[in-house]
Amino acid sequence: MNTALRAAEKFLVSGNIVSCEPYGFGHINRTYLVVTDKGLRYILQGINEVVFANVPGLMANVIAVTEHLSALVSDPRECLHLVKTVSGEDYLCDEDGKYWRMYDFIEQSLCLQAAEQPSDFYESAVAFGNFQRQLADFPADTLHETIPNFHNTPDRYRKFRLALEADVVDRAKECAYEIEEYLKREQDGATLQNWLKEGRLPLRVTHNDTKLNNVMLDDQTRKALCVIDLDTVMPGLMAYDFGDSIRFGAATAAEDEKDISKVSVDLELYATYIRGFLSACPELTEDELMSLPWGARTMTLECGLRFLTDYLDGDNYFAVHRPGHNLDRCRTQLKMVQDMEEKWDEMLRILAEEKAKLG
Ligand code: ADP
Ligand code: GN1
Ligand code: MG
């Protein structure tokens, strides 16, 4: 019996398990769809303990956040729900010391890799905006920092330089252009951290991984249903959540598109996201508002730098499915950053316009 199925059988599912198959497009955890003979479905996840050094701390966050959210929603599909193990635990540590958790499958839902229509992206913005609003009174200091310095871009540069110096798999020579382009932007990458240090931006409880495929929409109404992938919920800046959504969802091509000429930032989608996000999330300060476009630029730069770092490291962090996968990803992100730089004035103008419309 494979390890995932063996783990699945330790959870309190309804009926007998008939299948347990790899599922989804996440880059971090090992996700499986579990189906029982009663037709019930569950999501089983093997938690990536290389990425997450303190799994009990991470799970304490997930338990606290899902409890907080479940008290605020009317439809159970609007919140992740953990399934207990047969021994009554919230997650499992198997005989090899590997951690597993299980969620009810969010039924009659859609999880998109790209918006099929602008309103899908609008709804994802509503979902992440709601998420921040719902957590506005959550005690941030009780959260464990699951990945220290997760969106500290200067620290990402420090790690990048270490990987570059070590060049353990001798790949630096294949990506001299990308290395130079990322290094050129190191100062830009420090903008948000500088504003934070200057006391211009408040820390809030943020999601920190706001990709479109970390949101579920209702498959009938296509309205925002639920935010998933809570592993990185930590204190953070509003600009992180806004920016990471733009990075992934306002791109005209997939994160790993090989044909760079297809990659740009779609300003219509950018405007659409601003509208949805501002309509749903709490009042922003003036500086927070101004930080949103910087969030888009910084999160894209940082993510591209992380892909490049992982490429230089020999692909240890992100799941890769073909040779050069991380390099392809690092190139799309660079192209997005370059495009945002060209369209910067327009990005600022659109933000001001959308804000004015909201009054
Ligand atoms: P990763 O950290 O690897 O990205 P996620 O928690 O985002 O893992 O899960 C990967 C994918 O599994 C999601 O993009 C989504 O398609 C699916 N998924 C996760 N949780 C659920 C759920 N409760 N119901 C339905 N689908 C889910
Ligand atoms: C990872 O877990 P997933 O696939 O939703 C990563 C994000 C990156 C993203 C790039 C914990 O997100 O930070 O932005 O890949 N998550 C973690 O697609 O590192
Ligand atoms: Mg995910």
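The values are calculated or read from the model by the stated rules, or taken from the named source; none is laboratory data. These numbers come from a predicted model, not from an experiment. For neighbour counting, all protein chains shown are included, and Cβ atoms are generated from backbone atoms with ideal geometry for every residue, glycine included.
A few points about this structure:
- Any chance Tyr182 is away from ligand 3 (no atom under 14 Å from the Cβ), in the same structural domain as Val126 (by TED's automatic domain parsing) and buried (at least 22 other Cβ atoms within 10 Å of the Cβ): yes
- The stretch 64-76, residues that are surrounded by 15 or more Cβ atoms within 10 Å (Cβ to Cβ) and over 18 Å from the mean Cα position of the chain (by Cα): Ala64, His68, Leu69
- For the stretch 319-348, the tally of residues that are surrounded by fewer than 19 Cβ atoms within 10 Å (Cβ to Cβ) and of a type in the set (A, V, I, L, M, F, W, C) stands at 3.
- Residue within the stretch 245-257 that is within 22 Å of Leu348 (Cβ to Cβ), surrounded by fewer than 18 Cβ atoms within 10 Å (Cβ to Cβ), touching a residue at least 12 places away in the same chain (Cβ under 8 Å) and in the same structural domain as Met340 (by TED's automatic domain parsing) present: yes
- Single residue of the stretch 19-35 satisfying the filter (assigned to a strand (DSSP E or B), of a type outside the set (Val, Ile, Thr) and out of contact with any Asp or Glu (no Cβ under 8 Å at 6 or more places or on another chain)) that is nearest to ligand 2 (Cβ to nearest atom): Arg30
- Just one of the listed residues (Cys281, Cys303) is under 25 Å from Ile47 (Cα atoms) and crowded, with 19+ Cβ neighbours inside 10 Å, namely Cys303.
- Selected residue (criterion: surrounded by the most Cβ atoms within 10 Å (Cβ to Cβ)) from residues of the stretch 13-32 that are farther than 30 Å from Pro148 by Cα and not β-branched (Val, Ile, Thr): Cys20
- Candidates are the residues of the stretch 185-219 that are in contact with a Lys or Arg (Cβ under 9 Å, 6 or more places away or on another chain) and among the hydrophobic types (A, V, I, L, M, F, W, C); the one that is surrounded by the most Cβ atoms within 10 Å (Cβ to Cβ) is Leu217.
- The residues in the stretch 127-145 that are among the hydrophobic types (A, V, I, L, M, F, W, C), surrounded by fewer than 21 Cβ atoms within 10 Å (Cβ to Cβ) and assigned to a helix (DSSP H, G or I) can be counted, and the count is 1.
- Listed by position, the helices (runs of 4 or more DSSP H) inside the stretch 176-265 whose residues that are touching a strand residue (DSSP E or B) at 6+ places or on another chain (Cβ under 7 Å) and within 16 Å of ligand 1 (Cβ to nearest atom) number at least 1 are 238-249.
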